[in-house]
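Asks: Dumping the structure here so I can ask a few things about it.
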Amino acid sequence: MTEANYEKTLAEFGDSFDLVHRSFHQDKFRIVYLNSLVDSQSLEWEILSPLREMSFNHLEQATDQSLFKRINDQEEVIKGILDGNVAMFAGAYTYLINVPGFEERAISQSERETVINGPHDSFNEVLQTNVSLIRRRIRSPRLKMISLSVGDISKTRVLVIYIEGTAKMSIVNQLKERIQAIKVDSITDSNFLIQKLDEHQNSPFPQFYTTERPDIAVSKLYAGKIIGLVDDSPNIICTPSSFFDFFESPDDLYQRWTIGVAVKLLRYLALFVTLILTAFYVSICTYHYEMIPQSLLQSLMQSRSRVPFPPFIEALFLEIVIELLREAGARLPTKIGQTIGIVGGIVIGQAAVQAGITSNILIIVVSVSAIASFIVPSYGMSASIRLVRFLFIIMAGFLGNIGIFFTLGIVIIHLMGLTNFSSPYIKAISPAFFKSWMDNIIIKPFYRNK
Amino acid sequence: MQSKVIIVITMCCLTVFVAGCGESNAIEKLAVVEAGAYDLSEGSENPITTTVLFPTVTKEGKFDTMALTAKGKSIHDTFLKVQNLTSLKIVGGQGTILFGEDLAKKGLINVVKSLRRDPEIGIRVKFAMVEGNAGKLLEKKFPSIEDNAEFIYLFLERAGWQDKVLFTNQYRFLRDYYDDGIDPVLPVFSYEGDTIGLKGVGTFKGDRYVTLLTFSETQILNYLIGNIKNGRLMIAMNDLEPGQNYQLSLSNINSDNDKIINTKNMQAEIKVKLKASVLEYTGTMDISKEKYQKQLEGQIEKYLTTNSEKLIAKLQQSQSDPIGIGKVVRNHLTYERWKSMNWNKTYSNMSIKVQVKVELTNSGKSI
């Protein structure tokens with residue numbers, strides 16, 4: 001530990017553009033801060049004007065507030081300044097005065113997770129604001145937070161939040177240990193953190209539920225789960241999470257439960273449609289003509305008759321085009337994005353059929369499965385399902401329906417092997433707890449909630 | 001870790017190589033046979049003529065059907081020859097199988113047996129007969145019908161719901177053929193004129209076609225065979241009594257059928273109870289009055305009894321038993337006695353009576 005001192009501090013920062021150092025009363029008080037991290041109004045109010053009016057004469061009394069923190073360590077001082085504190089060197093003592101203030105995004109509607117009913121606020125990139133959104137909803141001293149820091153250079157703050165008495169302490173401790181064990185230079189987002197925490201890092205499936213909606217975060221806390229907040233990230237992480245969490249939307253709970261159940265079942269249907277529909281088209285057109293009803297056979301033959309490629313190539317081609325369109329649409333600025341709609345809709349939709357490159361039934365099949373993939377509320381899960389779908393299409397192209405069911409088996413076995421903080425990924429199905437199926441997989445009636 | 005990688009690579013290789021063992025059936029390269037027709041051809045060298053009908057797509061991308069015909073020594077011999085007529089791969093999936101009149105007269109069982117062995121032809125494939133040449137029916141283009149095979153398939157499906165006796169498939173044909181004491185029936189189509197029409201029902205003796213029953217006889221046969229739910233009956237009263245000349249249509253019929261056998265002197269009685277509502281009545285009686293309703297019931301009973309007995313006499317004469325009286329007789333006898341009996345002879349000389357009881361549950365509106 002090195003003694004904190006004014007000259008060393010200045011030397012450490014070098015000639016930073018935003019570094020400010022001032023002295024008062026013949027160098028009796030010297031302050032150092034970064035003006036990009038400090039709120040200038042509170043700085044003036046709390047420090048500069050008292051210093052000018054010499055009200056710090058009784059130093060001990062004046063600094064006996066939570067705003068002031070007496071520090072001796074040089075490293076701590078540097079860290080404090082970087083966190084938006086003002087370092088005040090007064091004789092032998094060094095104080096850190098917490099007056100942070102920086103530009104932040106206003107709390108706005110979530111763009112990824114929208115609801116029709118229910119609250120519309122969402123987290124932003126500032127930890128303080130995010131904590132306040134949670135605190136505001138849980139007015140209880142049982143809400144506990146553990147502050148950690150990750151990243152050798154970035155020193156990003158990570159908060160682990162749980163409700164004492166509801167959450168399992170063993171998982172809290174485990175999460176804390178695992179976050180502390182992470183050795184990286186920097187993390188920029190919570191999605192980066194969860195990949196470091198994953199138990200099965202090569203799986204395509206996301207294992208931590210992330211959300212930017214405070215109402216979901218709070219409902220997870222009430223359910224005994226633990227959430228993690230990362231500074232500079234609007235996404236909070238949630239553990240232990242299961243496969244079925246990714247198919248939840250808060251709208252399910254804000255509607256009548258019968259409607260919520262129907263919508264939820266629709267989402268599971270969408271999951272299967274996304275995974276299997278295109279693959280099924282490939283397999284019946286290539287191998288299983290017996291499965292096609294006579295009346296459908298006619299239109300299927302009619303649309304296939306001009307296509308020179310086998311169904312497998314045709315389907316793979318169109319699926320890749322859809323993925324290209326989606327990726328282009330996600331990255332392009334909105335003004336140019338409209339072009340994608342026209343090019344994709346008209347050129348791919350009509351011209352490809354007229355040119356005889358694809359059949360129009362396949363266009364319907366591929367668009368239906370693309371629409372179904374967007375029904376899954378979690379973007380991460382929807383992306384991994386779309387990737388796994390290609391495995392289904394390839395296997396259907398090689399082995400037909402046997403290939404589809406073979407792949408389905410492999411995927412189910414893989415899902416069964418996944419865990420999230422020692423909690424099985426598809427809990428309630430495997431291991432089977434039939435009584436909690438209604439609760440975990442679908443939704444239970446509201447009146448049965450305690 | 002290394003072993004895992006090896007397993008994954010092996011699996012991928014297997015997937016690709018195993019795929020080579022399966023036969024690919026891309027639908028645009030297939031001719032999925034919608035209907036097959038089997039006829040007897042002239043000449044003893046190639047006795048069987050097979051016609052298959054399958055959907056195709058023309059160059060303009062329009063839907064069309066194509067019929068191919070080949071002569072051969074057996075069913076599968078003709079399949080091979082038909083295959084040589086087209087670039088498409090001919091695969092099964094027949095919905096309907098038609099038999100020509102001549103072939104049916106000669107006996108169908110050899111044809112049906114080889115169709116039965118073919119795994120591409122399901123047990124629910126519909127069977128029907130054609131008056132004249134069955135292949136011609138598939139080949140002929142009718143202005144009002146786009147796809148002959150589909151037409152017959154849908155026709156039979158609809159007719160099978162309305163009249164149980166017309167519900168004929170491979171399973172029923174073989175069951176009735178192999179069962180002692182009942183003979184199969186098949187609907188008979190004709191293709192004269194501008195459309196395909198149902199002519200009636202052909203009854204069989206064993207596997208040989210013997211008589212054609214007219215449409216009104218078919219309706220009556222329907223009620224003699226078994227219990228009917230929600231059936232229909234069309235009666236033209238003029239052919240019974242000269243003074244009566246009206247049309248009667250009964251709908252919503254629920255019938256109860258009971259066959260009573262006297263094994264001592266070999267007499268049979270079929271008791272039919274009908275409950276029906278009147279859909280159409282062109283006569284002069286005010287049938288909303290109970291008296292006239294009873295009178296009408298009596299007339300219907302008389303009509304049904306006489307016509308049934310006429311029909312049974314016709315069947316007895318041709319020794320065909322689609323009603324299944326033999327089955328009931330067999331169930332009343334010991335195995336030895338049934339085996340020692342010459343059933344065909346007994347049947348044609350047997351006295352079979354019909355007793356009909358009609359109850360009109362509702363006479364509808366009368367103005």
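Just so it is clear, none of the values below were taken in a lab; they were calculated from the coordinates. Predicted model only: the values in this text are computed from it and were never measured. Please note: Cβ atoms are built from the backbone with ideal geometry, for glycine as well, and neighbour counts cover all protein chains shown.
Asks: Going by the alpha-carbon gyration tensor, a ≥ b ≥ c the square roots of its eigenvalues, is the stretch A:324-431 rounded (a/c under 1.5) or, if a/c is not under 1.5, prolate (a/b greater than b/c) versus oblate?
Replies: Values: a/c = 3.50, a/b = 1.55, b/c = 2.26.
Oblate.
Asks: If you average the C-alpha positions of the stretch B:184-254 and of the stretch A:271-298 separately, how far apart do those two centres end up, in angstrom?
Replies: Centre-to-centre (Cα) distance: 41 Å.
Asks: Divide, for the stretch A:127-241, the radius of gyration over alpha carbons by 2.2 N^0.38 Å, where N is the residue count. Show your work: numbers first, answer last.
Replies: Values: Rg = 13.2 Å, N = 115, 2.2 N^0.38 = 13.4 Å.
So the Cα radius of gyration is 0.99 times the expected 2.2 N^0.38 Å.
Asks: Mind checking which helices in chain B clear 20 Å along their axis (Cα) and have mean Kyte-Doolittle hydropathy of 0.5 or more, DSSP H runs only?
Replies: Details: long enough: B:2-19 (26 Å, 2.00); B:148-162 (21 Å, 0.01); B:290-317 (40 Å, -1.20).
Once both thresholds are applied, what remains is B:2-19.
Asks: Restricting to DSSP loop positions (anything but H, G, I, E, B) with no more than 13 other Cβ atoms inside 10 Å of their own Cβ, which GluC sites (Glu not before Pro) remain in the stretch B:305-367? Spell out each step's value before the answer.
Replies: Working: sites: B:Glu309, B:Glu336, B:Glu359; in loops: none.
Counting only loop positions with at most 13 other Cβ atoms within 10 Å, none of the GluC sites (Glu not before Pro) in the stretch B:305-367 qualifies.
Asks: A 25 angstrom limit on the alpha carbon distance is what I want to check against. Which of A:Lys264/B:Lys4; B:Lys73/B:Lys106; A:Lys264/A:Lys335; B:Lys89/B:Lys126 exceed it?
Replies: On the way: A:Lys264/B:Lys4 37 Å; B:Lys73/B:Lys106 15 Å; A:Lys264/A:Lys335 34 Å; B:Lys89/B:Lys126 23 Å.
A:Lys264/B:Lys4; A:Lys264/A:Lys335, as the Cα separations exceed 25 Å there.
Asks: Of B:Phe167, B:Leu40, B:Tyr178, which is farthest along the charge dipole of the stretch B:26-213 in the positive direction, counting Lys and Arg as +1 and Asp and Glu as -1 at C-beta?
Replies: Value computed over the given set: B:Tyr178.
Asks: Here's something else I'd like to know. Could you grab the relative contact order for the stretch A:1-113? Cα pairs under 8 Å, six or more apart, rounded to a whole percent.
Replies: Details: 154 pairs, mean separation 36.9, N = 113.
Normalised by residue count, the contact order of the stretch A:1-113 is 33 percent.
Asks: Something else: Rank the residues A:Ser436, A:Ser42 as a footprinting-exposure proxy: fewest other Cβ atoms within 10 Å of their Cβ go first.
Replies: Values: A:Ser436 12, A:Ser42 16.
Final ranking by Cβ density, sparse to dense: A:Ser436, A:Ser42.
Asks: Can you give the percent of C-alpha pairs in chain A whose distance is more than 34 Å?
Replies: Numbers: 50128 of 101025 pairs.
Across chain A, Cα pairs with separations above 34 Å total 50 percent.
Asks: Counting only Cα, what are the radius of gyration and maximum Cα-Cα distance Dmax of the stretch B:216-367, in Å?
Replies: Rg then Dmax for the stretch B:216-367, in Å: 17.4, 61.
Asks: Relative contact order for chain A: what is it in percent, counting Cα pairs under 8 Å that are at least 6 residues apart?
Replies: Values: 652 pairs, mean separation 60.7, N = 450.
Computed over chain A, the figure is 13 percent.
Asks: List the aspartates and glutamates whose Cα sits under 19 Å from the Cα of A:Lys8, skipping any in the same chain fewer than 8 residues away.
Replies: A:Asp18, A:Asp27, A:Asp73, A:Glu75, A:Glu76, A:Asp83
Asks: Can you give me the Rg/Rh ratio for chain B, using Cα atoms for both radii and the Kirkwood formula for Rh?
Replies: Values: Rg = 25.7 Å, Rh = 23.5 Å.
Rg/Rh for chain B comes to 1.10.
Asks: Right, something else. Could you state the angle between the C-alpha long axis of helix A:311-331 and the longest principal axis of the C-alpha atoms of chain A, as a value from 0 to 90 degrees rounded to the nearest 10?
Replies: Once rounded, the angle reads 30 degrees.
Asks: Continuing with this model, one more query. Let me know the mean shielding of A:286-294 by other chains, meaning the per-residue number of their Cβ atoms within 10 Å of its Cβ.
Replies: Working: counts 5, 7, 2, 10, 7, 0, 3, 0, 10.
Shielding by partners across A:286-294 averages 5.
Asks: Ratio of the stretch A:209-313's C-alpha Rg to 2.2 N^0.38 Å, to two decimals? Don't skip to the answer; put the middle values down first.
Replies: Details: Rg = 21.6 Å, N = 105, 2.2 N^0.38 = 12.9 Å.
Working it through for the stretch A:209-313, the quotient is 1.67.
Asks: Turning to a different aspect of this structure: Grab the alpha carbons of the stretch A:253-435, take their convex hull, and tell me the volume per residue in Å³.
Replies: It is 167 Å³ per residue.
Asks: Between B:Lys73 and B:Tyr246, what is the label-point separation in nm under the 7 Å Cα-to-beta-carbon projection?
Replies: About 6.5 nm, to one decimal.
Asks: Another question, then. Is there a pair in B:Lys294/B:Lys353; B:Lys113/B:Lys141; B:Lys327/B:Lys353; B:Lys205/B:Lys302; A:Lys69/A:Lys220 whose C-alpha atoms are over 27 Å apart, and which pairs would that be? Spell out each step's value before the answer.
Replies: Details: B:Lys294/B:Lys353 23 Å; B:Lys113/B:Lys141 30 Å; B:Lys327/B:Lys353 17 Å; B:Lys205/B:Lys302 29 Å; A:Lys69/A:Lys220 35 Å.
From the list (B:Lys294/B:Lys353; B:Lys113/B:Lys141; B:Lys327/B:Lys353; B:Lys205/B:Lys302; A:Lys69/A:Lys220), the Cα-Cα distance tops 27 Å for B:Lys113/B:Lys141; B:Lys205/B:Lys302; A:Lys69/A:Lys220.
Asks: Okay, moving on. Scattering from the C-alpha atoms of the stretch B:1-155 alone, worked out with Debye: what is log10 I(q)/I(0) at q = 0.15, 0.16 1/Å?
Replies: Log10 of I(q)/I(0), two decimals: -0.79, -0.88.
Asks: Averaged across the residues of A:309-322, what count of C-beta atoms belonging to other chains lies within 10 Å of each residue's C-beta? Numbers along the way, then the final one.
Replies: On the way: counts 1, 4, 4, 2, 0, 0, 0, 0, 0, 0, 0, 0, 0, 0.
That works out to 1 on average.
Asks: To the nearest 20 debye, what is the magnitude of the charge dipole of the stretch A:6-98 about its Cα centre, counting +1 on the Cβ of each Lys and Arg and -1 on the Cβ of each Asp and Glu?
Replies: On the way: 8 positive and 15 negative charges, 42 e Å.
Computed charge dipole of the stretch A:6-98: roughly 200 debye.
Asks: Using only the alpha-carbon atoms of the stretch A:14-151 as identical scatterers, what base-10 log of I(q)/I(0) does the Debye formula give at q = 0.12, 0.13, 0.15 Å⁻¹?
Replies: After summing over all Cα pairs, the log10 values are -0.63, -0.71, -0.87.
Asks: At 20 °C and 1.002 mPa s, grab the translational diffusion coefficient of the stretch B:139-287 from Stokes-Einstein with a Kirkwood Rh over Cα pairs, rounded to a whole number in µm² per second.
Replies: It diffuses with D of about 121 µm²/s by this estimate.
Asks: For chain B, give the magnitude of the charge dipole about the Cα centre (Cβ charges: +1 Lys/Arg, -1 Asp/Glu; no others), in debye to the nearest 20. Mind dumping the intermediate values first?
Replies: Details: 46 positive and 42 negative charges, 214 e Å.
Roughly 1020 debye, rounded to the nearest 20.
Asks: Also: Please compute the modelled spin-label separation between A:Tyr379 and A:Ile346, points set 7 Å along Cα→Cβ, answer in nm with one decimal.
Replies: 2.9 nm
Asks: Can you give the helix-only mean residue ellipticity at 222 nm for chain A, where every DSSP H stretch with n ≥ 4 adds -39500 (n - 2.57) and the sum goes over all residues, rounded to the nearest 500 deg cm²/dmol? Write down the numbers at each step before the final one.
Replies: Working: 18 runs with 202 residues, N = 450.
Value at 222 nm, helices only, nearest 500: -13500 deg cm²/dmol.
Asks: How long are the three semi-axes of the equivalent ellipsoid of the protein assembly as shown, in whole Å, if each is the root of 5 times an eigenvalue of the C-alpha gyration tensor, listed from largest down?
Replies: Numbers: eigenvalues 1461, 206, 115 Å².
That gives 85, 32, 24 Å for the three semi-axes.
Asks: Follow-up question, since we're still on this one. Taking amide H positions as placed in the peptide plane 1.01 Å from N, state which residues far from A:Val184 in sequence (5 or more) or on other chains have amide H under 5 Å from it.
Replies: Here the answer is A:Gly151, A:Asp152, since their amide H atoms fall under 5 Å of that of A:Val184.
Asks: Starting at the first residue of the stretch B:342-351, write each ³J(HN,Hα) from the Karplus equation 6.51 cos²θ - 1.76 cosθ + 1.60 with θ = phi - 60°, in whole Hz, x for Gly and Pro.
Replies: Values per residue, Gly and Pro as x: 8, 4, 4, 6, 4, 4, 5, 9, 6, 9 Hz.
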